[in-house]
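Data block below; observations after.
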Amino acid sequence: MLDIVERLHDRSTFSPEYLENIVDWSTRYHFSRARHCLLRPLDIGPGDRVLELGCGTGAITRYLGETGAEVTAVEGSLARARVAAARCADLPNVTVIADDLQGAEVEGPYDWVTFIGVLEYAAAYSAAEDPYQSYLQAAMRHLEPGGKLVVAIENQLGLKYFNACGEDHLGKPFMGIQDLYQRTGGPRTFGRQALSRVLARAGLPQQQWLYPYPDYKVPSIVLGDAALAHPDFQAHDLLLRSDSEDYSDNRQRIFDEALVNRVLAQNGLLGDFSNSFLVVAQRPEQQAWQPAAMAWTFAAVHRHRGMATETRFVPQAGGSIRVTKRRILPHEPSTLPLADGHTISLNTQDSDYFPGQQMAWAALAAHVRDGNVPALVEALRPWCETLLFAAQVGASPLLPVEDEAAALAAAGMPCAAPGQGATAGAGETAGEPGASHAATPPGTSGTQAAGTPAAGGAPGSQLGSRGRPLRLLSLPGGMMDLVPFNILASESTGRHQVIDQEWEVSCPVPAGWVLTRGVMHALQTGLVPHDELGSIARVVIALADACGYHATPDDVERWLALEEQFLRAVSVKAVSHGLYTGTRRPVPMVFPTLASQAHALHEQQQHTHRAEEKAEGLRQQLAAREQENVASLKQIDEGRQREKALEAQIQTLLGSRSWRWSGWLRTLRRRSRI
């Protein structure tokens, strides 16, 4: 680790050089940008004094130093302390000390003291009768009056542990939830109620609970208790694509966690089953610390620095919620080249929170329940129709069509004016020439159900005549992110809201690209018992056909290539679409997999049983034939014996005197006959 850090020219939190050195879970844990997102909700900044106990290699230390706070970091391992010091060498407000966490002498007191992934190891490093209380008391002595102790730790009852993931410290499934921790000297974690009691017993009864997802190690989402308690806030909706990870690389699962999280939220249990906790604990006499928001989401891990964002859900007076989105590094460029002189820009806008759920939930349920193309097409069709209602006739400059005018005429589609491309005939949607713009514009709400046209539109399969090429449709550049994750539906009112249209291309974009990227991302969610989807192309082609348009595998391949081009433009490390264009390999689910294997085994056993019955019949027939053959051979042998006996009798007769003496009589008889 030290060699890697010392070779880096840029050691800041968002240095792309860290990402280039991530090759496994260990390097990811130490170098991932996601690490710092854990403490962003605390709004630590200039004027704060922070003591980080157990800083490891300095992933969070570096971020704390970059906030402008005065940071003292203590690490028990000299090797790790050296890495943390090298990482923060250019930050004069950061001091790294190699010392015992309980006995370190530092220049306190501090506004914040942190235990990030430390308390669970207390028994391994403390000989005290109650090592957890010993660790907490050692930390509290550094707090100033009004100071806050921050504890990040795994949840013993985390949902991932019920889903066959190995316990993070022991590597074996179900160890923690059965409380099979080593009784002395080993790591252990706690459930929410148990951890709350541990903190209260230490003199820290005043607690603010936050829930990082997928866990505190690499969080992309943080929920607060206020988010779980707010009657209109759909906390589980943020978790649709936040799958847990098993760091022992066990791929088997029992159920889809997003669907289970939705049920947990409905029953007020989401926080109790979160995979990790982030707790801000204080003494009882202090004024309670309150977070500035109720939930946070981060898009920061692989994006270029100027594209990294933080979204906050901020409660307002009167019970409403304001959604604020900010670029984490606003001084970095937010417009980058995409293709052929066209650019991609990141837009951040504030908005009022819309209490609805993503359209993608229907696709997730269909994916998990059925796992076949017809079911997924039926689930995605309302979104596809909404998207196509917004489309206009004319190819995108990003994927121009050769002799477009002839192609449009052959397809019976209105031809764009020369030089105007997809912008010609404004108001002519993909549904019918002259039809009104029926899609819900970005950032506004509509009252009709998705897929139901406004006046002049055409519903269902009448969106377009079957056989009209999808490649001849385009969307405004600001609608490239009109995917099913960015359209919310209210179950109570039936209204829909387009959200989070953060990307804007400087020219119209292919409607097929937006359709394909929506399908691609939808297929990355859901753990399925069996998967009959095969490839993205199958789903895209079937979905387009259901809405009256034609697409080919070559079309889908070009749209996927454009998606990869987009990912490469905005990301430091982009995932190749090649992972999704071939035969898909979903994460298997344990019980259905075992059931399928048991069924296959039963079928094999039945086949074997039938084969054995047939073989037994053949053996019996063979035995009967053998008995018949033995009897036949016996008869032949007896016949041969009789033949030999007769031959012997004849020879005896011919050699007898009487036969010789009677020879003249036999001769006389023959002559008399003549």
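The numbers here are math on the coordinates, done by the rules we state, and not lab data. Everything numeric here is computed off the predicted structure, so don't read it as measured data. For neighbour counting, all protein chains shown are included, and Cβ atoms are generated from backbone atoms with ideal geometry for every residue, glycine included.
What relative contact order, as a whole-number percentage, does the chain give when Cα pairs under 8 Å and 6 or more residues apart are counted?
Details: 1264 pairs, mean separation 65.1, N = 674.
Computed over the chain, the figure is 10 percent.
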**Item:** With Cα atoms, 0 to 90° folded angle of helix 590-654 axis to the chain main axis
**Value:** 10 degrees
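Would you mind working out the magnitude of the charge dipole of the range 191-265 relative to its Cα centre, with +1 at each Lys and Arg C-beta and -1 at each Asp and Glu C-beta, to the nearest 20 Debye?
Working: 8 positive and 10 negative charges, 71 e Å.
Dipole of the range 191-265, to the nearest 20 debye: 340 debye.
Could you size up the charge dipole of the range 80-124 around its Cα centre, putting +1 on the beta carbon of Lys and Arg and -1 on that of Asp and Glu, and report it in debye to the nearest 20?
260 debye
Excluding LEU53 itself, calculate the net charge of residues whose Cβ lies under 11 Å from the Cβ of LEU53, where each Lys or Arg counts +1 and each Asp or Glu counts -1. Please list the in-between numbers first.
Details: positive: none; negative: GLU52, GLU75, ASP99, ASP100.
Within the 11 Å Cβ shell, the charges total -4.
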**Fill in**
Highest mean packing first, using Cβ neighbours within 10 angstrom, the peptides 190-196, 394-400 sort as 394-400, 190-196
**Prompt:** Helix-derived [θ] at 222 nm for the chain: sum -39500 (n - 2.57) over DSSP H runs of at least 4, divide by residue count, nearest 500?
**Reply:** -11000 deg cm²/dmol
**Fill in**
For the range 315-323, Karplus-derived ³J(HN,Hα) couplings (6.51, -1.76, 1.60; θ = phi - 60°; whole Hz; x for glycine and proline) come out as x, 10, 4, x, x, 6, 10, 10, 9
**Request:** Distance between Cα centroids, the range 33-97 to the range 143-174: provide it in whole Å.
**Result:** 21 Å
**Prompt:** Residues with amide H under 5 Å of ARG303's amide H, sequence separation 5 or more or different chain, H placed in the peptide plane at 1.01 Å from N; which?
**Reply:** VAL572
**Request:** Report the antiparallel proportion of the DSSP beta bridges in the chain as a percent, rounded to a multiple of 5.
**Result:** 70 percent
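Fewest to most neighbouring Cβ within 10 Å: what's the order for MET307, MET140, MET359? Provide the component values of the computation, followed by the final result.
On the way: MET307 26, MET140 16, MET359 23.
If I rank by nearby Cβ atoms, fewest first, I get MET140, MET359, MET307.
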**Asked** Relative to the longest principal axis of the chain, what angle (0 to 90°, nearest 10) does the C-alpha long axis of helix 78-87 take?
**Response** 60 degrees
**Item:** Between helix 257-266 and the chain: long-axis angle, C-alpha atoms, 0 to 90°, nearest 10
**Value:** 50 degrees
**Asked** Along the charge dipole of the chain, which of GLY268, PRO333, HIS521 sits closest to the positive end, that is, farthest toward it, with unit charges on the beta carbon of Lys, Arg, Asp and Glu (+1, +1, -1, -1)?
**Response** HIS521
**Message:** Going by amide H atoms built from the backbone, whose H comes under 5 Å of the H on LEU143, apart from near neighbours?
**Reply:** TYR110
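Please give the peptides 547-554, 378-385, 168-175 ranked by average Cβ packing (other Cβ atoms within 10 Å per residue), highest first, as a rough proxy for protection. It would help to have the intermediate numbers written out before the result.
Numbers: 547-554: 18.9, 378-385: 23.0, 168-175: 17.1.
For the peptides 547-554, 378-385, 168-175, the packing ranking is 378-385, 547-554, 168-175.
Can you sort SER474, SER535 so the residue with the fewest Cβ neighbours within 10 Å comes first? Could the numbers behind the result be given before it?
Numbers: SER474 29, SER535 17.
So the residues, fewest neighbours to most, are SER535, SER474.
Per the Cauchy relation, a quarter of the hull surface: what is the mean projected area of the convex hull of the alpha carbons in the range 70-126, in nm²? Please report the intermediate quantities before stating the final value.
On the way: hull surface 17.0 nm².
The Cα convex hull of the range 70-126, projected and averaged over all directions, gives 4.3 nm².
Give the total of Lys-Lys pairs in the chain with Cα-Cα distances below 25 Å; include a pair only if its members are 8 or more places apart or on different chains. Mind dumping the intermediate values first?
Working: LYS148/LYS217; LYS160/LYS172; LYS160/LYS217; LYS172/LYS217; LYS217/LYS325; LYS217/LYS573; LYS325/LYS573; LYS634/LYS644.
Qualifying lysine pairs in the chain: 8.
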**Request:** Please compute the net charge surrounding GLY171, taking Lys and Arg as +1 and Asp and Glu as -1 over other residues with Cβ under 12 Å from its Cβ.
**Result:** -3
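Using a 10 Å cut-off on Cβ atoms, rank the peptides 125-132, 215-222 from the highest mean neighbour count down.
Numbers: 125-132: 15.0, 215-222: 23.2.
Taking the mean over residues of other Cβ atoms within 10 Å, the ranking is 215-222, 125-132.
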**Gained length - LEU665 relative to HIS607, 0.36 nm times residue gap less alpha-carbon distance** = 12.9 nm
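Take the Cβ-Cβ distance between ASP100 and GLU6 as r, set R0 to 22 Å, and report the resulting FRET efficiency rounded to the nearest 0.05. Walk me through the numbers on the way to the answer.
On the way: r = 26 Å, r/R0 = 1.18.
Step by step, r from the Cβ atoms, then E = 0.25.
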**Request:** Report the normalised scattering of the chain as log10 I(q)/I(0) at q = 0.09, 0.11 Å⁻¹, calculated by the Debye formula with identical scatterers on the alpha carbons.
**Result:** -0.86, -1.15
**Prompt:** In whole Hz, what ³J(HN,Hα) sequence does the range 199-209 give by Karplus (6.51, -1.76, 1.60; θ = phi - 60°), x for Gly and Pro?
**Reply:** 5, 5, 5, 7, x, 10, x, 8, 9, 10, 9
**Residues ILE177, ILE650, sorted so that the one with the fewest Cβ neighbours within 10 Å comes first** = ILE650, ILE177
**Asked** Which residue, chosen from THR184, ALA85, GLY171, occupies the Cα position most advanced towards the positive end of the dipole of the range 82-230, where the dipole is computed from +1 (Lys, Arg) and -1 (Asp, Glu) charges on Cβ about the Cα centre?
**Response** GLY171
**Message:** Under 5 Å between amide hydrogens, which residues at least 5 positions from ILE321 or on another chain qualify, with H placed 1.01 Å from N in the peptide plane?
**Reply:** GLN316, TYR353
**Asked** Which one of SER535, TYR213, LEU653 has its Cα pushed farthest toward the positive end of the charge dipole of the chain, where Lys and Arg give +1 and Asp and Glu give -1 at the Cβ?
**Response** LEU653
**Asked** What are the ³J(HN,Hα) values, in whole Hz, obtained from phi via the Karplus relation 6.51 cos²θ - 1.76 cosθ + 1.60 with θ = phi - 60°, for each residue of the range 560-567 in sequence order, with x given for Gly and Pro?
**Response** 5, 5, 5, 5, 5, 5, 4, 4
**Request:** Would you work out the charge dipole size for the chain about its Cα centre, treating the Cβ of every Lys and Arg as +1 and the Cβ of every Asp and Glu as -1, and quote it to the nearest 20 debye?
**Result:** 4380 debye
**Fill in**
Plugging the Cβ-Cβ distance of ASP249 and ARG326 into 1/(1 + (r/R0)^6) at R0 = 41 Å yields, to the nearest 0.05, a FRET efficiency of 0.70
**Item:** Cβ-defined net charge surrounding ALA89, 12 Å radius [Lys, Arg +1; Asp, Glu -1]
**Value:** +2
